[in-house]
Structure formats: C-alpha cells, structure tokens
Amino acid sequence: MSLPRRPVEREEAKPEVETAATDEKIRTLAPAGSMLNEGLKAIAAADRSFDPDAFLAGARAAYEMIVTAFAEGDRKTLRNLLSREVNDGFVAAIAEREQRQEKIEFKFVGIDKAEITEASLKAETAQLTVRFLSKLISATRDKSGAVIDGDPVHVGDVTDIWTFAREVTLRDPNWKLIATESVE
C-alpha cells in the first residue's frame, strides 16, 4: 500500500535552475509569444527546478524504457512510468497478446528526434507533449512462431506523440506518461 505524498513546502528537492538560463532554453524551443513558449514559461514559474533540456533527456530515456517494457511484457516497469489509465491499457494489451500466445521480437534502434510540441500548466499539473521520431525493429509471432505482424529484420520508422504529466507541488520529480498516440 502506498501512502499519499506530502506537498512540498515551496522548498524544492532539486537546486533551483537559473531563471535566465531557463528562459533562454525556452526561447530556443519555442518562439516568444507562442502557445508553447507561454506553456513552458508557466511550468518553469510553477516549478523552479524545471529544465526543458533535462526533461527531454528524461523523456527520451522513458520512451525507450516504456516501448521495451511493453514489448517484453514487463508490467512492473510500466507501472512506475505510466498513469493508471495508460497502464491499464498497456497491461490489457499485454494480457491479450499472452492469451493469444503471441511473442514480440523487439529491438530499440534509437530516437532520431524528440521535440516538445505542447506545454501547459493546469492547476498544479504540468503537461508536456513530445513527438518522438524513432527507429525500431518489431515483429509479432504467433504460437507456432510464424510472423503475423511487423518484420524481424526491417528497421521501421515510428512516430509517437506522448503526453507526460507531473504535479509540480509534489516532491516526486518524475513525470508519468498520461496519453499516447501513434502517427502512421
């Protein structure tokens, strides 16, 4: 049983990121006056430890961990990285795959590009949407070993749009994946 988290008393767990440096990073990601720029500035104002570059580095790492854990059926890893709703969907898909006795052969090749496309602060929840352009090798095999989806040798280009969220008043610095979309 996990206990409720205590809100931070405006004392941040991480050292404060210099405001001017954060503003400069935000300007390089989004033009001044744009909705993205305004959203990033609102998140930085609510969470002084927010660093867009560090967030993107973490999002890239989380992306690899999540797609790999999904392919491997690693529910424990997913539970720690996903919101309850997204986790329920992933776990249901894994269970259906297992029930059909299908296996995924998977290799993460890399991320070509990860960019923040949307940012907002709703009450005390920061939300950031990231478009990932990645390369993966993925094939699904049925119980007899025949490939029924994908290709076990072809490197495929994948575009995913994922939204991460974090309560800015909590000590926990980790973001959770709250929505996913695949682009064909």
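The values are calculated or read from the model by the stated rules, or taken from the named source; none is laboratory data. Since the structure is predicted, the reported quantities are computational estimates derived from the model, not experimental observations. Methodologically, a virtual Cβ is constructed for each residue, glycine included, from the backbone with ideal geometry; neighbour enumeration extends over all protein chains shown. Accessible surface areas use protein heavy atoms only, side chains included; no ligands, DNA or RNA. Shrake-Rupley method; radii C 1.70, N 1.55, O 1.52, S 1.80 Å.
Just a few scattered comments:
- Average projection area in nm² (convex hull over Cα atoms of the chain, one quarter of hull surface): 11.9
- For segment 100-116, 3J(HN,Hα) computed residue by residue from phi via the Karplus equation (6.51, -1.76, 1.60; θ = phi - 60°) reads 7, 6, 9, 10, 9, 8, 9, 9, 7, 8, x, 10, 6, 7, 9, 9, 6 Hz, glycine and proline entered as x.
- Take every DSSP beta bridge whose two residues both sit in segment 120-165; close to 100 percent of them are antiparallel.
- With 18 Å as the limit, the listed pairs Lys103/Lys135; Lys76/Lys107; Lys122/Lys176; Lys103/Lys143; Lys113/Lys135; Lys25/Lys135 have Lys103/Lys135; Lys76/Lys107; Lys25/Lys135 beyond it between alpha carbons.
- Adding -39500 (n - 2.57) for every DSSP H run of four residues or longer, then dividing by how many residues the chain holds, sets the calculated 222 nm ellipticity at -11500 deg cm²/dmol.
- Accessible surface for segment 38-83, divided over its residues, is 42 Å² per residue with a 1.4 Å probe.
- The trypsin sites (Lys or Arg not before Pro) of segment 135-184 meeting both criteria, a DSSP state outside H, G, I, E and B (loop) and at most 15 other C-beta atoms within 10 angstrom of the site's C-beta, are Lys143, Arg171.
- Within segment 112-153, the ratio Rg/Rh, alpha carbon atoms throughout and Rh by Kirkwood, equals 1.33.
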